[in-house]
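Structure first, commentary second.
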Amino acid sequence: MEILRPTLINIKGRIYRKNFIQEDNIDDEEEDNDFSYVGPPESEDFAEDETCDTHVIEQTEKGFRCAIDVPSVLYKYIIGKKGETRKRLESDTKTSISIPKQGVEGQIVITGFHKAAVSSALTRVEVLVDGFRKKQPFTHFLSFPLNHPKIQEGFLKFQEEVLQRCSQDRGVEESIFQNPAKLHLTIGTLVLLNDTEVRKACEHLQECDNIIRDITEGKPLQLEVKGIEYMNDDPAAVDVLYAKVGVRDGSNRLQAMADRLVEHFVCAGLMVREWDRVKLHGTVINTRFRKDHTGRTRQGQVERHCLSEDAGRLGAGEREAFDARNILKRFGAHPFGEFELNTVLLSQRYSTDCTGYYASAGSINFS
């Protein structure tokens, strides 16, 4: 990180500068960071008003108090190695920060003699939580399911013919194909670290019902899944092939639904915007699924990498690409099928339901 160009973090419309502090023998997973607010000069009145719109700072007999909900998995980042991060926060802000035991869901309580001090400590805790939350692997995702029986049938035919006609091509083998029960279009990913956050995400999904119905007019979308494309620039060294999905009437309603859903969840603070618009694609082949002779994926457990090529958790050097030139030539316009889409799902990344699809935490049926 450049000293003169520190990372800026946006939390609830306020911009904070992330300052790196070098300390000896700090575990990478529990590294300490310091943050400062980038904005108007901080007077006492300004500091008092800084967080009152999102958290209540109560006056008590001994001063002021504020309690905030933080998932237990993030406690260690506020505590720091040997408690150094919490000690520094308390010293800098002249407050006391009480944190529940590791693994116990509860509230972090900040107390101090001055409201401005509690407000300052609260801001710094929020910035720490936001920064380390972004380092967590995603746990849930929004999707349009593609595992309709007709699409699964078309996919299995595609897989069978590719293996019959292209298995001699470098890197092409059965294990890199998607599980037909898990075919889907990823809309966006979420990091939900406890039951409270899952419930909040489900509530926000239900709030999107009117948004979706405005676009679909309460009717299912007639979709066509036809043709394949690849993700990178070289068709001779491909990691991901995906099926192209479109609305049969040629409208952009599917894209509009995806973009509006992402917009809502980004505004709610539950999703991070990665692109200007959602890239809709249904993965059919992904080298992250590749298994070795023992039946294990090259990068570990099968379930860890069966969701999406968008996860980006492993370096490209750890994957074995395949030559897709013959597949693209022979099956570039392969018809997977047509179906009616009437569902948006919030699914859990690692769990599956009785159908083999990802276990649903919430859904919208718009027809």
>> Among (1) open to solvent by less than 40 Å² (accessible area, probe 1.4 Å); (2) at pLDDT 95 or above; (3) not in a loop (DSSP other than H, G, I, E, B), there is one condition PRO235 misses while meeting the rest; what is its number?
In response: (3)
> Of the residues LEU261, LEU223, which is of a type outside the set (Asp, Glu), buried (at least 18 other Cβ atoms within 10 Å of the Cβ) and not in a helix (DSSP H, G or I)?
Replying inline: LEU223
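Which fully enclosed helices (runs of 4 or more DSSP H) of region 51-169 have 1 or more residues being of a type in the set (S, T, N, Q)?
Working: elements: 75-79, 84-93, 115-133, 149-166.
Result: 84-93, 115-133, 149-166.
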>> Of all residues being out of contact with any strand residue (DSSP E or B) (no Cβ under 7 Å at 6 or more places or on another chain), open to solvent by less than 50 Å² (accessible area, probe 1.4 Å) and aliphatic (A, V, I, L, M) in region 129-173, which is nearest to GLY188 (Cα to Cα)? Just the residue, please.
In response: VAL162
>> Return the residues of region 277-324 that are modelled with pLDDT of 90 or more and either of a type in the set (A, V, I, L, M, F, W, C) or over 19 Å from LEU183 (Cα atoms) (or both); say none if nothing qualifies.
In response: ARG277, VAL278, LEU280, VAL284, ILE285, PHE289, GLU320, ALA321, PHE322, ASP323, ALA324
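Consider GLY218 carefully, then state whether it is open to solvent by less than 30 Å² (accessible area, probe 1.4 Å) and at pLDDT 95 or above. Quick ask: steps written out before the conclusion?
On the way: open to solvent by less than 30 Å² (accessible area, probe 1.4 Å): yes; at pLDDT 95 or above: no.
No: the conditions fail for GLY218.
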> For region 174-200, which residues satisfy the criterion of being small (Gly, Ala, Ser) and either surrounded by fewer than 21 Cβ atoms within 10 Å (Cβ to Cβ) or touching a Lys or Arg at 6+ places or on another chain (Cβ under 6 Å) (or both)?
Replying inline: SER175, ALA181
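How about region 170-196: which of its residues are in a helix (DSSP H, G or I) and either in contact with a helix residue (DSSP H, G or I) (Cβ under 8 Å, 6 or more places away or on another chain) or at pLDDT below 95 (or both)? Show your work before the answer.
Step one: filter region 170-196 for residues in a helix (DSSP H, G or I), giving 174-176, 180-182, 195-196.
Listed by number, the residues that qualify are GLU174, SER175, ILE176, PRO180, ALA181, ASP195, THR196.
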> If you take the residues of region 238-258 that are touching a residue at least 60 places away in the same chain (Cβ under 8 Å) and farther than 19 Å from ARG277 by Cα, which of them is surrounded by the most Cβ atoms within 10 Å (Cβ to Cβ)?
Replying inline: LEU241
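The values are calculated or read from the model by the stated rules, or taken from the named source; none is laboratory data. These numbers were taken from a predicted model, which means no experiment stands behind them. Positions of Cβ are backbone-derived with ideal geometry, glycine not excepted, and every protein chain shown enters the neighbour counts. Just the protein is used for accessible areas: all its heavy atoms, side chains included, with ligands, DNA and RNA removed. Shrake-Rupley method; radii C 1.70, N 1.55, O 1.52, S 1.80 Å.
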